[in-house]
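The values are calculated or read from the model by the stated rules, or taken from the named source; none is laboratory data. What you are looking at is a predicted structure, and each value in this text was computed from that prediction instead of being measured. Quick reminder, even Gly has a Cβ in these numbers, built from the backbone with ideal geometry, and neighbours come from all protein chains shown.
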Amino acid sequence: ASALPQSVTNLEQPGFPWKHLALPAEVMQPLETLAAARNLTSPRLVLLSGPSGTGKTAIARALAHRWDVHLTRVDLGTLTATTIPAVLEELTSARGIVLLQTAQHWFGRHPKIDPAQVQDWLSRCPAELICLSTEHRQSVQPSWRRRCAGVFSLPRPDVAARRQILRQAVPAEVTIEKRLRWIQLARQLPLTGGELVQIAATAIALAQPSTSSPLGISHFQEATALRHPGLKFGSGFQKGA
């Protein structure tokens, strides 16, 4: 099947290992059950809800990586009445996992598409799993929520999860300042996973011009000031993990 228009979706190769998910046990345990029980006969719906950056896309990527299947991602909020028919037709051939971001545009109380069209697509779609992604669970109609094989509400990451996200965001080949303590850094940055990854990428970019200087606290402080100028970043880092 041909790829969907780049302006409205993209087709990804799986590339996010399961072990990189930084989620609480009450989310990971049912996710493990879902991942272990593949159903190749008909697509299943799951609902992923939570603020931007809490791991909704990461879950879809990790499932695709674990199952070794393609992930097709579409932001339904970017579609128009003109593009919806073509996108629906293309999605009919989507295999593996389909991630529908801002799912309320098709599955909400005031959908921008006839529910009969969505139902027809679901009946023909060969995908194994269709992930509905939205910031607020209630924005998806109760009738659709009842059809979901799993409903996952994702919280903002706690300190331990933020530490894991920050460490994973820095490639192994990057030299790190010895006095940088990840747990202290995580305490200083009460942000979502997506925001932490952005700060880490910015810090790495700031450190690169000086090849003799390892990635350190000052780079994270500068990156935080650039991306979140209203966030007060302390300078006291104690010895720790």
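Structure data summary
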item	result
Residue satisfying all of: in the stretch 221-240; surrounded by 10 or more Cβ atoms within 10 Å (Cβ to Cβ) and in a loop (DSSP other than H, G, I, E, B); modelled with the lowest pLDDT among these	G240
Candidates V74, V87 - the one that is touching a residue at least 24 places away in the same chain (Cβ under 8 Å) and under 17 Å from the mean Cα position of the chain (by Cα)	V74
In the stretch 79-118, the residues that are surrounded by 17 or more Cβ atoms within 10 Å (Cβ to Cβ) and of a type in the set (D, E)	E90
Checking T192 against (1) over 18 Å from P24 (Cα atoms); (2) not assigned by TED's automatic domain parsing to the domain that holds G53, the condition it does not meet	(1)
Answer from L191, L196 - the residue that is modelled with pLDDT of 90 or more, assigned to a loop (DSSP other than H, G, I, E, B), of a type in the set (A, V, I, L, M) and surrounded by 18 or more Cβ atoms within 10 Å (Cβ to Cβ)	L191
Residue match in the stretch 150-172 (condition: more than 21 Å from M28 (Cα to Cα) and touching a residue at least 60 places away in the same chain (Cβ under 8 Å))	no
Exclusive hit being surrounded by fewer than 18 Cβ atoms within 10 Å (Cβ to Cβ), in contact (Cβ under 8 Å) with a residue 60 or more places away in the chain and in contact with a strand residue (DSSP E or B) (Cβ under 8 Å, 6 or more places away or on another chain), set P30, P24	P30
Check on S218, over 26 Å from the mean Cα position of the chain (by Cα), at pLDDT below 95 and not in a loop (DSSP other than H, G, I, E, B)	yes
